[in-house]
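Novice: Mind looking over this structure? Questions follow.
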Amino acid sequence: MYSVFEIHKVILLRLLPFLMIDRSGPKFPRSFIIHYYFNHNWHTSFSRVPVMLNKSNVLMGRYELGRLLGQGTFAKVYYGRSAITNQSVAIKVIDKDKVIRTGEADRIIREISIMRLVKHPNIIQIFEVMATKSKIYIVIEYAKGGELFDKAAKGRLKEDVAYQYFKQLINAVDFCHSRGVYHRDIKPENILLDENENLKVSDFGLSALAESKRHDGLLHTTCGTPAYVAPEVIKRKGYDGAKADIWSCGVVLFVLLAGYLPFHDSNVVELYRKIGKAEFTCPEWFPQGVRRLLRKMMDPNPDTRISIDKIKHSSWFKKWLNARQIRPEGKNRTVSSAVTNHSDQYDESGDGQAAAEARQESVVPTSINAFDIISLSPRFNLCGFFGDKFQKREARFTSRQPALVIISKLEEIAKQLKLKINKRAAGLLKLEGLKEGKKGILSIDAEIFEVTPSFHLVEVKKSDGDTLEYQKILNEEMRPALKDIVWVWQGDQQEQSQQSEQQQQTHDQQKEQPQS
């Protein structure tokens with residue numbers, strides 16, 4: 001029996017020559033790529049790993065299929081179990097014919113790509129994607145606790161319990177926005193819970209990337225669930241995806257604390273009118289801190305709506321952040337009476353411990369395994385389906401230096417280029433220019449992924465601003481400055497390989513020429 005570590009090691013060693021190949025090779029029409037993706041059988045397999053399960057119930061020798069968990073228009077979701085690790089998973093089975101007939105192929109590809117981008121403890125994780133001629137199988141994290149909606153439907157939650165869920169939701173949404181992803185359909189039905197009551201944001205089918213913005217810098221697709229959607233989305237005049245998500249998070253917080261929706265009317269026109277003017281009334285048991293926060297989150301004017309950073313610094317949020325952490329328990333998740341006992345118990349060591357954890361998190365990079373590395377390969381990366389604009393905004397290199405050395409080097413470069421470091425989190429550094437360029441302030445994300453403690457993959461990409469300005473800084477400033485810590489840049493290996501092949505071909509041709 002081979003261990004998972006040994007399997008990952010073999011895959012990594014075999015694929016490293018291909019993983020650093022540039023994606024600037026032959027270009028194929030978008031229609032051809034989608035046709036190939038939806039009409040070929042492909043999956044990651046291990047031929048030497050024994051499967052000790054009933055083959056009739058095993059999907060491609062890798063997952064044992066179980067009971068039906070739910071179904072939608074194009075897909076059914078089943079409980080599954082890994083034949084290798086025995087881990088419980090959820091398997092989303094998508095009907096290819098239905099997807100192609102309805103023109104939803106782009107949406108499926110976008111959802112898979114986005115789920116790969118947003119790996120966070122409070123977001124449902126994608127493990128792998130497999131396909132046959134008729135089906136697509138998306139293997140994702142299994143959330144045993146079900147939907148948050150089921151808990152909210154039983155009645156309002158205690159304030160401390162609602163805060164725990166809200167904090168995790170805000171952290172997950174903040175992470176999505178840092179990756180240029182806007183969910184656009186945040187609601188309790190799309191929020192799941194694991195067996196430990198940890199929140200997991202799911203269903204990225206309606207989400208959008210920052211690249212989806214039009215020339216005005218706004219999104220224009222009207223989507224979402226009416227009761228949770230922001231007023232600017234309803235007006236169809238363009239909206240900021242991040243601010244629209246914050247409105248939806250405010251509605252979710254209201255539902256958790258009240259047990260019902262802030263906006264409700266059987267007449268859709270009247271419902272939209274109430275949303276447009278933010279006509280809602282907080283119940284008498286809502287603390288003043290919550291009332292103020294909700295008014296700021298559900299501000300009908302997106303320009304003055306509160307940001308996530310300010311939400312985290314609001315009095316109510318900080319009160320519970322500093323308070324003793326109480327994990328939601330099964331018996332006391334809801335409140336039956338009309339009066340809530342607001343506990344003000346504080347942990348004296350909370351601030352110091354939280355600060356220490358934050359410092360540690362800012363240094364420790366995200367770990368990636370062989371499956372993640374495969375998905376970063378140009379042969380498997382679905383981001384190519386979004387065209388050249390998406391591809392030109394990112395570059396990758398590998399390094400044999402420790403994470404602290406890489407971070408220190410990036411900070412040094414930022415100082416030299418007069419870029420401010422706006423955010424540090426789990427190996428991610430957000431660099432921003434001090435002056436506004438042709439398309440706003442240039443923002444560059446540098447994210448470090450740990451393959452092994454002594455081997456790292458670093459992704460540098462533009463998250464905002466002008467692409468030409470970014471390319472100039474990357475190629476003329478950052479790449480030369482990073483040469484001391486770079487092992488190889490993605491694309492350099494391909495150029496060397498092509499040069500070697502050309503030299504070999506020239507040599508062979510010279511040998512074949514008849515001697516005079």
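Novice: If each residue of separation counts as 0.36 nm, what is the full-extension length gain between ILE100 and TYR79 once their alpha-carbon separation is subtracted?
Specialist: Once the chain is fully extended between ILE100 and TYR79, it gains 5.0 nm.
Novice: Now for a different question. Can you give me the C-alpha center-to-center distance between region 107-167 and region 428-463, rounded to a whole angstrom?
Specialist: Between the Cα centre of region 107-167 and that of region 428-463, the gap is 26 Å.
Novice: Let me ask something else about it. Counting only heavy atoms of the protein chains, get the accessible area per residue of region 82-222 (1.4 Å probe) and round it to a whole Å² value. If you can, show how the numbers build up before the last one.
Specialist: Details: 5050 Å² over 141 residues.
For region 82-222, the per-residue accessible area is 36 Å².
Novice: Residues of region 272-312: accessible area per residue at 1.4 Å, in Å²? Mind dumping the intermediate values first?
Specialist: Working: 2190 Å² over 41 residues.
Accessible area per residue: 53 Å².
Novice: What are the ³J(HN,Hα) couplings of region 109-116, residue after residue, when phi is run through the Karplus curve with 6.51, -1.76, 1.60 and θ = phi - 60°? Round to Hz, x for glycine and proline.
Specialist: Per residue, the Karplus-derived 3J(HN,Hα) values read 4, 5, 4, 5, 4, 5, 5, 6 Hz.
Novice: With a 1.4 Å probe and all protein chains kept in place, how do LYS98, LYS415 rank by accessible area, largest first? Let's see the in-between values first.
Specialist: On the way: LYS98 85, LYS415 165 Å².
Ranked from most to least accessible, the order is LYS415, LYS98.
Novice: Determine how large the accessible area of PHE149 is when every protein chain is in place; take a 1.4 Å probe and give Å² rounded to the nearest 10.
Specialist: Surface open to solvent at PHE149 totals about 80 Å².
Novice: Another question, if that's okay. Set the Förster radius R0 to 45 Å, insert the Cβ-Cβ distance between LYS435 and THR281 as r into 1/(1 + (r/R0)^6), and round the FRET efficiency to 0.05.
Specialist: Given R0 = 45 Å and the Cβ-Cβ separation, E is 0.50.
Novice: Simple spin-label model, 7 Å along Cα-to-Cβ: THR132 to GLU411 in nm?
Specialist: With each label placed 7 Å out from Cα toward Cβ, I get 5.3 nm.
Novice: Using a 7 Å offset from Cα along Cα-Cβ at ASP309, what residues in region 438-458 end up with backbone N under 18 Å from the label point?
Specialist: 440-446
Novice: At 7 Å along the Cα-to-beta-carbon direction for both ASN196 and GLN125, put a label point, then send me their distance in nm to one decimal.
Specialist: Computed distance between label sites ASN196 and GLN125 equals 1.1 nm.
Novice: Output wanted: per-residue J couplings in Hz (rounded whole) for region 480-489, from phi through Karplus 6.51 cos²θ - 1.76 cosθ + 1.60, θ = phi - 60°, x for Gly and Pro.
Specialist: Working through the residues one at a time gives x, 6, 8, 4, 5, 10, 7, 7, 7, 8 Hz.
The values are calculated or read from the model by the stated rules, or taken from the named source; none is laboratory data. Just so you know, these numbers come straight off a predicted model, no measurement behind them. Ideal geometry is used to build each Cβ from the backbone, glycine not excepted, and the neighbour counts take in all protein chains shown. Keep in mind that these areas ignore ligands, DNA and RNA; they rest on the heavy atoms of the full protein, side chains included. Shrake-Rupley method; radii C 1.70, N 1.55, O 1.52, S 1.80 Å.
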